[in-house]
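Please read the structure below before turning to the comments.
The values are calculated or read from the model by the stated rules, or taken from the named source; none is laboratory data. Here the structure is a predicted model, which is why all the values come from computation and not from measurement. Note that we place each Cβ from the backbone using ideal geometry, even for glycine, and neighbour counts take in every protein chain shown. These accessible areas exclude ligands, DNA and RNA; they are computed on the full protein's heavy atoms, side chains included. Shrake-Rupley method; radii C 1.70, N 1.55, O 1.52, S 1.80 Å.
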Amino acid sequence: MPLKILIQFAQAHPDFRIPELLSVAQIYGFDIVVPPKPDVTRPFMTVEVQEEEHARLLAQRCILVKSVLELYASGPSYSHLHTLNRTQAHLWAPYKETPWKFMVTGYRQSVPKTRQREVVEGFSYMALEGRIDLTQPELELWCFEEYGPQDKAPLRPKYDRDGDFICVWFGRLIAKGTARPLIHKFDVKKRAYYGNTSMDAEMSLLMANQTLSAPGKLIYDPFAGTGSMLYTAAEFGAYVVGSDIDGRQMRGKERAPGVLRSAAQYGFAERIFDLFTFDVTWHPWRCGALFDAIVTDPPYGVRAGAKRLGRKQGVPLRDSITAMKDPSTYVPPTHPYELSTLAYDLVLLARFLLRPRGRLVFFLPTVNEEYAEVDVPQLEGMVVISNSLENFGAWGRRLITMVKTEVLDRGPPDLRVRNSEAGPQHVPAHKDFREKYFAGFNKPADTPS
Amino acid sequence: MVRLITHNLLACHVKGCNSNNFPLAFDGPQIEIREAEFNSDFLMGFFPKIEWSALVNASRQLGDQSLPEQQPDAENIDDALLKALHHVLLEIHVENGKMICPNCSHIYPISNGIPNMLLAEHEIA
C-alpha cells in the first residue's frame, strides 16, 4: 500500500539528496517516487514508497536523512492542516489506544512552550485515548513549523516572527535517521592514519552510497591515497581494492601499512581485499569486468600531483636496461597528467574494468562559471545518472555517478600518451584546472568574456 | 595480502610482454593465513573469472594441497570444495617476497603485503 512520507533532511549537500535516496532504494530493491524539481533550500521533502519498511531502510542508510515520517497533512496554516488531517482519520485512527507522545518543533525558529501546548490541544479532535508516554512511546506524532529564511534585518526579539511559518507539517514518526552518526565514526581526525588529501567523512559516506556498496561486492579505488573511499565502502560490507602510483600514501611511515591500521581501527581490516602500487594507466589486471563499482577522488593537480609514468612530451624515453641499476631503489620518472585527459581516461578504464551495470563514482572539479554539462566525459556504454555539485564559490567539484550499460567486452583501452588530435575535442571547464586554480580563477586578459 | 584470488588476476604489463606473462611466479614468498568471512555468492560470482591451473599451481607452491588439479563445473561444487576454494582464494596472504614474470623476468617486489607494480622507463611504450 503506497504511503506518502515526509523526509527531514540535514541542511548539508542539498544537491546530493535525491541521488542518495535513489541509490539506497536501488540497494534494497524498492521503488520510490521523488518530486521532479524539489526546492532543496528547504529541509523537508515528500516522497512516496510502497511500504513502511522501505521508509525505515531510507532512515537506516541515508547519510543526509534526519528523520522519516508518515505524512498525515501539511498546509500554510493550522486551519488548512486540520481540515486536511480530519480527512486522514483512516491513517491515524488505528493508533487510538497506543501510548503516544507529541512533539512540536520549529525549523529556523523555536516554538514557545505555551504555544506548543496550544498546538497540541488543537489536535484534540483526534481523540487519542492511549496514555501519554514521554520516554518510550509507540506512537510519536511530530508537528514541524517551517519558517522561511531570516531577512537581513538587525537582530529581532526571539519570538518576533512566532507563528509566521511558511508551512506546517504533521505526521507519525517512522524512524529517526541512524546513518548520519557514521560521520562521527569516520571523522578523519580520529582516524589511525590520514593525510592532507583524505576525503571528509560525510562526503566519503555519500560516495559509498552512490557505489551501492553491499556485502558480496568488490569495489576499487584507483587513486586510493590514504584510503578514505575504501573505508566507507567497506563499512557497508563490500570488499575493497586500492591502488595508487605512490605507495607511500597507502603505507605511511610505519611498518604496518597505514590503510590497514585505519581499517583495523574500524573493525574491518579483513575487507581490504588488496592494495597495490601501480600507475592505473599501466595496470596489471589481466581482464576486465572485475569490479561492481569504481569510486575515487582523482588528483586535480592542486594538493596531489596528478602524474603518470613516463617523461614530458617530446622527451624520449631511455630504452636500455641500464636505466634501472638497482631495482630496490629505482624510482621511475613521471610526468604531469592533465585533468581533462585523466578524467576521460578514467571513464575509459572504468568501462573496461566494471562489470555490466557497475557504477563509476568520481569527483570532477570544475570552474563554476565555465562549466557545461558536456564537460563530463561522454562515452558510449557509460551513462551519467547523477551529477551533484559541492560549491566552493569560484570553483566546485561535481560528484558524477555513471553506470556501465553495455555488456560488450572491448578489451583494455589504449591509454598511451596521445597528441591533441585524438581523444575529446570539446575543451571542458576543468582543462588545465591546476593552472586556473593557482591563478585564482581569473581569466587571462586576452580571453573574450 | 597479496591474496591468491588477486594473484590470479595479475599479469605482467611490461611493453611487448604479451605472452606467457601470466601467472607471475612467486619467489621467496612469506605467507600468513588470516580468517576471512565466508560468502558463497561472492565466490561463485568470481568463479567464471578464475584461471584454474594457475590457481592450483600457486596454491601448491605455497604449501596448500586442498584444490583438485581438474577444474570443477560450476554446478558441481559441493560444500567441501567451496570451503577449500574460500580458504585458498581469500585466506592465504603473501606478505613479503617477489612475483616474477615468466616471460620477461621483471621482478615485482611485495613488501608488508603491498606489491610494487610500477614499470621502469624502458618498459613503457
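Checking the condition open to solvent by 20 Å² or more (accessible area, probe 1.4 Å), within 9 Å of another protein chain (Cβ to nearest Cβ) and of a type in the set (Asp, Glu), which residue from A:Asp319, A:Asp246 passes? Don't jump to the end; show me each part of the working.
Values: A:Asp246 fails: within 9 Å of another protein chain (Cβ to nearest Cβ).
Just a single option satisfies the conditions, and that option is A:Asp319.
Among B:Glu75, B:Glu32, B:Glu37, which is open to solvent by 80 Å² or more (accessible area, probe 1.4 Å) and within 17 Å of the chain's Cα centre (by Cα)?
Just a single option satisfies the conditions, and that option is B:Glu32.
Of the residues A:Tyr330, A:Tyr300, only one is under 30 Å from B:Ser111 (Cβ atoms), touching a residue at least 40 places away in the same chain (Cβ under 8 Å) and assigned to a loop (DSSP other than H, G, I, E, B); which?
Answer to the selection: A:Tyr300.
Can you spot a residue in region A:28-47 that is touching an Asp or Glu at 6+ places or on another chain (Cβ under 9 Å), at pLDDT 95 or above and polar (S, T, N, Q)?
No, region A:28-47 has no match at all.
Which residues, taken from region B:6-34, are at the interface with chain A (Cβ under 8 Å from one of its Cβ atoms), over 17 Å from B:Leu85 (Cβ atoms) and in contact (Cβ under 8 Å) with a residue 24 or more places away in the chain?
Scanning region B:6-34 gives B:Leu10, B:Cys12, B:His13, B:Phe22.
Among all residue pairs at least 6 apart or on different chains, which show Cβ distances below 6 Å where the first residue, located in region A:1-30, is in contact (Cβ under 8 Å) with a residue 60 or more places away in the chain and the second is open to solvent by 70 Å² or more (accessible area, probe 1.4 Å)?
A:Lys4/A:Glu48; A:Gln8/A:Lys66; A:Ala10/A:Lys66
Take the conditions open to solvent by less than 50 Å² (accessible area, probe 1.4 Å), of a type outside the set (Asp, Glu) and modelled with pLDDT of 90 or more and apply them to A:Gly148. Does it pass? So that I can check it myself, show each step before the final result.
Numbers: open to solvent by less than 50 Å² (accessible area, probe 1.4 Å): yes; of a type outside the set (Asp, Glu): yes; modelled with pLDDT of 90 or more: no.
Spelling it out, it is not the case that A:Gly148 is open to solvent by less than 50 Å² (accessible area, probe 1.4 Å), of a type outside the set (Asp, Glu) and modelled with pLDDT of 90 or more.
For region A:1-111, which fully contained helices (runs of 4 or more DSSP H) count at least 2 residues that are open to solvent by 10 Å² or more (accessible area, probe 1.4 Å) and hydrophobic (A, V, I, L, M, F, W, C)?
On the way: elements: A:17-28, A:52-61, A:78-86, A:89-92.
Here the list reads A:17-28, A:89-92.
Given B:Arg60, B:Arg3, which one is open to solvent by less than 40 Å² (accessible area, probe 1.4 Å) and either closer than 23 Å to A:Ile219 by Cα or away from chain A (no Cβ under 11 Å) (or both)? Walk me through it before giving the result.
Values: B:Arg60 fails: open to solvent by less than 40 Å² (accessible area, probe 1.4 Å).
Result of the check over B:Arg60, B:Arg3: B:Arg3.
Tell me yes or no: at least one residue of region A:274-284 is outside any loop (DSSP other than H, G, I, E, B), at the interface with chain B (Cβ under 7 Å from one of its Cβ atoms) and of a type in the set (Asp, Glu).
yes
Does A:Pro356 satisfy being part of a loop (DSSP other than H, G, I, E, B), within 14 Å of chain B (Cβ to nearest Cβ) and not hydroxyl-bearing (Ser, Thr, Tyr)?
Working: part of a loop (DSSP other than H, G, I, E, B): no; within 14 Å of chain B (Cβ to nearest Cβ): yes; not hydroxyl-bearing (Ser, Thr, Tyr): yes.
So A:Pro356 does not fit the description; no.
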